Amino acid sequence: MSHLSRRELLRASGAGLLALAAGGALAACGDSGSAGAAGGDAETGTVTVWSWATAAAALRGVVPAFERDNPGIKVDVQDIGNPAIWDKITVGLAAGGQGLGDVLHIGCDYLPGYLDKFPGGLADLSSFGADAHKDDFAKGLWPVVTGKDGHAYALPWEVNPLGFFYREDYFGKAGIDPTALATWDDLIAVAEKFRAANPGISLIGINKAANPDPDLDFVQSLMQLQGAFYFDLQGRITLGTPEAVRAMDVLKRLDGAGLVADAPGEQGWATLMKAGKLAVAPMPAWAAHYLEAKFGDQSGHWRLAKPPAVTAGGKRTALVNSTHLAVAGSSPRRRAAWKFVEYALTRPASVNSMFTAGGVFPALTAAYTDPMYGAPSAYYGGQPVLRTFADLAVDGGDPTNYSGDYARALKLAGDAQTKVFLKGGDPAAVLQDAAKQLAQQTGRSIA
């Protein structure tokens, strides 16, 4: 649900996911060619890093050890702010790289657009040895940072596996074991039993009118569970494929079973959650601390499981978004910048120190051997939720190609979902129409 974006969480969450352990005791990308301001490969000097909020603070914590181990390189981490960082990066890339930081923190929904629109704007990290780390991150992330030429233009930092948070007390009252629900159809099948035991309680809340913004996180996650999205890895439009239709159909049938509450406006979902009106939160790793921080009076009631599959025997893991560190192609210190990126993101000690400091859930799978991932959380009834998310990240998911036309796809998908909710639209018809409109707007072919 778009009630709180991943970036908003990074701006506001403070302590981050590690508080769970302590308290319990954002695709194939475009080609990046040779255009843009000429950079240099100096191995020393001062490297400027652009990030925001808690992520920037976490990066600063790595700097002393890095500077000790890499004499001749100094690092200046700057909190550019969010969403200000996206404007600054875009303006800098449009100006041929002028004024950019050396290292850039970039979300998965921005990275492919930058690569498509600004060839050469980001440095080819494969030329510095990045491919040696290809298998070090959650499965499905490497294609997200790889261009059409097969080279890497960033390294994964954050990963957000999809989780299935549920109210153990509500399901227990209905005599339903959510961990035994293998598919969303299984959940729909027990809707009447659930509602009889929990009058006035819905499963999920969605802003049906998409006002002020489209509320597509849930249907997108259902697509990603099937290895699908709005575009395939070749950039073709997949908005009208059977996988997308199945995702929207699940949503329509959940609504028809009386399991979807309308959550209008920016605070609709939070209002329903605060009132205890929702029994499920199909949300990724960043939400674990958010639920605890925002709805503390519900401590002990929430649990976490693998999300149900969309089809019988289908996948129950999806990586719904991620963030990355890239090096500006215009940087005169590209090798020095790469050294910092590699040091920060490929060493368990570094990524776990950032996680401990309140940073993002690490994409580096070697990090998960740390005992903190097995620590119980009182908020989740003693469940080690970080271990659950670590296991989901190891399982990985299919890569998601946001492409440079994600904003257009998002608008059309939002319109389609609203037609299903408010006008009784047929999922197949509205999505196929949306796919045709997207093809007309972008010139892309339909898969």
* Measuring from centroid to centroid over Cα atoms, what is the spacing of region 373-447 and region 122-142 in Å? -> 25 Å
* **Residue-wise HN-Hα coupling along region 237-254, computed from phi with Karplus coefficients 6.51, -1.76, 1.60 (Hz; x: Gly, Pro)** => 7, 10, 5, x, 6, x, 5, 5, 5, 4, 4, 5, 5, 4, 4, 5, 6, 4
* **All-pairs Cα distance distribution in region 172-275, expressed in whole percent, bin size 5 Å** => 2, 11, 19, 19, 20, 15, 8, 3, 1, 0
* Structure fact -> Computed curve, region 57-203, Cα-only Debye sum without solvent term, log₁₀ I(q)/I(0) at 0.17, 0.20 Å⁻¹, is -1.00, -1.28
* Treat each spin label as a single point 7 Å out from the Cα along the C-beta direction, and report the Ala378 to Ala84 distance in nm. => 3.8 nm
* **Net charge of neighbours whose Cβ lies under 14 Å from the Cβ of Ser445, counting Lys and Arg as +1 and Asp and Glu as -1** => +1
* **Burial ranking of peptide ranges 93-104, 158-169, 174-185 (average Cβ count within 10 Å, highest at the top)** => 158-169, 93-104, 174-185
* **Distance histogram in 5 Å bins (all Cα pairs of region 125-215, percent per bin)** => 2, 10, 16, 12, 9, 10, 11, 10, 9, 7, 4, 1, 0
* Asked: How big is the Cα convex hull of region 287-338 in projection, averaged over all directions, in nm²?
  -> 7.5 nm²
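Could you grab the relative contact order for region 250-382? Cα pairs under 8 Å, six or more apart, rounded to a whole percent.
Values: 70 pairs, mean separation 35.7, N = 133.
Computed over region 250-382, the figure is 27 percent.
When each pair of different Cα atoms in region 279-422 is counted once in the 1/r mean, what is the Kirkwood radius in angstroms, to one decimal? All intermediate terms of the calculation are to be shown ahead of the outcome.
Working: mean 1/r = 0.0552 Å⁻¹.
That comes to 18.1 Å for region 279-422.
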* **Space enclosed by the convex hull of the alpha-carbon atoms of the chain, per residue, Å³** => 124 Å³
* To do: Tell me which residues come under 5 Å, amide H to amide H, from Val75 once H is placed; ignore anything under 5 positions away on its chain.
  => Val47
* Quick one: net charge of Pro71's neighbours, Cβ under 12 Å, K/R +1, D/E -1? -> 0
* State, to one decimal in nm, how far the label point of Ala428 lies from the label point of Asn211, with both points 7 Å from Cα in the Cβ direction. => 3.2 nm
* **Nitroxide proxy distance, nm - points 7 Å out along Cα→Cβ at Lys117 and Lys277** => 3.8 nm
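Rounded to the nearest 0.05, what FRET efficiency is calculated for Val394 and Glu43 with R0 set to 41 Å and r the Cβ-Cβ distance? Don't skip to the answer; put the middle values down first.
Working: r = 34 Å, r/R0 = 0.83.
My answer for the efficiency is 0.75.
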* Asked: What is the extension gain from Ala447 to Ala182, computed as 0.36 nm multiplied by their sequence separation minus the C-alpha to C-alpha distance, in nm to one decimal?
  -> 92.5 nm
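When only C-alpha pairs under 8 Å and at least 6 residues apart count, what is the relative contact order of region 401-447, in percent? Don't jump to the answer; show the numbers that get you there.
Working: 23 pairs, mean separation 15.5, N = 47.
Dividing the mean separation by the residue count of region 401-447 yields 33 percent.
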* Alpha-carbon centroid distance for the pair region 58-112 / region 294-333, whole angstrom -> 23 Å
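Every number in this text was worked out from the coordinates using simple rules, so none of it is lab data. Remember, predicted model here, so these are calculated numbers, not experimental data. All Cβ positions, even for glycine, are placed from backbone atoms using ideal geometry, and neighbour counts span all protein chains on display.
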